[in-house]
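Rule-based calculations on the coordinates, nothing more; no lab input. Quick caveat, the model's predicted, so the values are computed rather than measured. We place every Cβ from the backbone using ideal geometry, glycine too, and count neighbours over all the protein chains shown.
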Amino acid sequence: MSSPHYPVFLCEIIENLQPQHGKKYLDCTFGAGGYTKAILDTSNCFVKALDQDPTVYKYAEKLGTKYKERFEFIQGNFANIKELSRGERYDGVVVDLGVSSMQLDEKERGFSFMRDGNLDMRMSSSGYSAADFIASASEEEMAEVIYKYGEEVQSRQIAKMIVQERQKEPITTTVRLAEIVRKSMHYRKSKIDPATKTFQAIRIYINKELENLESFLGNLNDILNPGARVLIVSFHSLEDSIVKSFFKNHSLKKVARSKYAPEPENYDESKWLKIISKKPILPTTREIRENHRSRSARLRVAQKIGGIR
């Protein structure tokens, strides 16, 4: 089955997830089904997949035809994983926090300024859009969003220019917004387009990406079987920092101790993870060459320890 989306870290995902026959796995960001298909091909297991984007259903139908009772797709946001799981627990969970190639390449979705399209950016194709935000946010609110979610130090002058320009004519396309952002900024030498951080900030804000990630992590323990592995791929420092802190805060510190010493009497229920990847796994030179969008990807892996909460 051909796929328009190149799944990042595909080999590393399978290597660290270690799919086993008869086990249940959860793909929280289905996309075109790259991870799900690889997991199903690796072992005679079951995969449940989620995605809030309604346009991916055609890929889910193809996998459903091939794998039948071993695959189930649910349209929904992984922030609501506890409700969507309906009491089920899994032996492994995979999350890719990036924007898919399909979303970036479809100009009408408005995720990229490389092609002129409607200023949309909604992953679920419903609700508050980027155009709504640009049209209604105050200069102060806009500057705060661009700084907080894009880590853009020139956020104030960008917001000021956007407000000035929208008074002349509504800003409804990606190319026009990108031109305004570039025009507002002082020159700086950079490998990335000056509009990149502003577009990232608006996308994260309207899709509530960081809030959704935190909600998902807060429900993670309740949907995992003992020994289950959690694999999370992030693409910018804000996401990676949240994942790194969560793993660290819920894992036991390694203490040198004799193997003959008794187990500690006081068990801390908040420490239910073991970090597998001490440092984030980075893409290989070959992967970056074959898929340029993987260059900023980071993979972190942890495993549930102890019994069911």
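Numbers for the structure displayed
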{"item": "Hits among aspartates and glutamates - C-alpha to C-alpha of K24 under 20 Å, sequence gap 8 or more where chains match", "result": "E12, E15, D41, D51, E61, E69, E72, E83, E88, D91, D96, D222"}
{"item": "Cα-centre dipole for the chain with unit charges at Cβ (Lys and Arg positive, Asp and Glu negative), debye to 20", "result": "1060 debye"}
{"item": "Neighbourhood charge, 10 Å Cβ-Cβ cut-off, centred on K37 and excluding it, Lys, Arg +1 and Asp, Glu -1", "result": "0"}
{"item": "Added length on full extension, which subtracts the Cα-Cα distance from 0.36 nm per residue, N249 to R289", "result": "10.9 nm"}
{"item": "Value of relative contact order over the chain, rounded to a whole percent, pairs C-alpha under 8 Å and six or more apart", "result": "17 percent"}
{"item": "Over 23 Å [Cα-Cα, segment 104-207], rounded percent", "result": "16 percent"}
{"item": "Charge dipole (the chain, unit charges on Cβ, about Cα centre) - positive-most of Q164, I134, I223", "result": "I223"}
{"item": "Stretchable slack from E169 to I192, in nm (0.36 nm times residue separation minus alpha-carbon distance)", "result": "5.5 nm"}
{"item": "Shape category assigned to segment 1-150 from the gyration tensor of Cα positions, a/c cut at 1.5", "result": "prolate"}
{"item": "Around Y149: net Lys/Arg minus Asp/Glu count, Cβ-Cβ under 10 Å", "result": "-1"}
{"item": "Computed E for K208/H21 - FRET, C-beta separation, R0 45 angstrom, nearest 0.05", "result": "0.75"}
{"item": "In Hz, Karplus ³J(HN,Hα) per residue of segment 53-65 (6.51, -1.76, 1.60; θ = phi - 60°; x = Gly, Pro)", "result": "7, x, 6, 8, 4, 5, 6, 5, 4, 5, 5, x, 5"}
{"item": "Potential lengthening between K66 and E151 on full extension [0.36 nm per residue; Cα-Cα distance subtracted]", "result": "26.2 nm"}
{"item": "Three-way shape call for segment 118-173 based on the alpha-carbon gyration tensor, with the a/c threshold at 1.5", "result": "oblate"}
{"item": "Correct option for Rg and Dmax of the Cα atoms in Å [calculated from the coordinates] among (i) 18.3, 53; (ii) 21.0, 76; (iii) 19.9, 67", "result": "(ii)"}
{"item": "Relative contact order for segment 104-207, counting Cα pairs under 8 Å that sit 6 or more residues apart, in percent", "result": "33 percent"}
{"item": "Residue-averaged [θ]222 nm for the chain, counting only DSSP H segments that reach four residues, each worth -39500 (n - 2.57)", "result": "-11500 deg cm²/dmol"}
{"item": "Percent of beta bridges antiparallel (DSSP, the chain, rounded to nearest 5)", "result": "35 percent"}
{"item": "Residue of S129, S277, S112 that the Gaussian network model of the chain assigns the largest fluctuation, springs spanning Cα pairs under 10 Å", "result": "S277"}
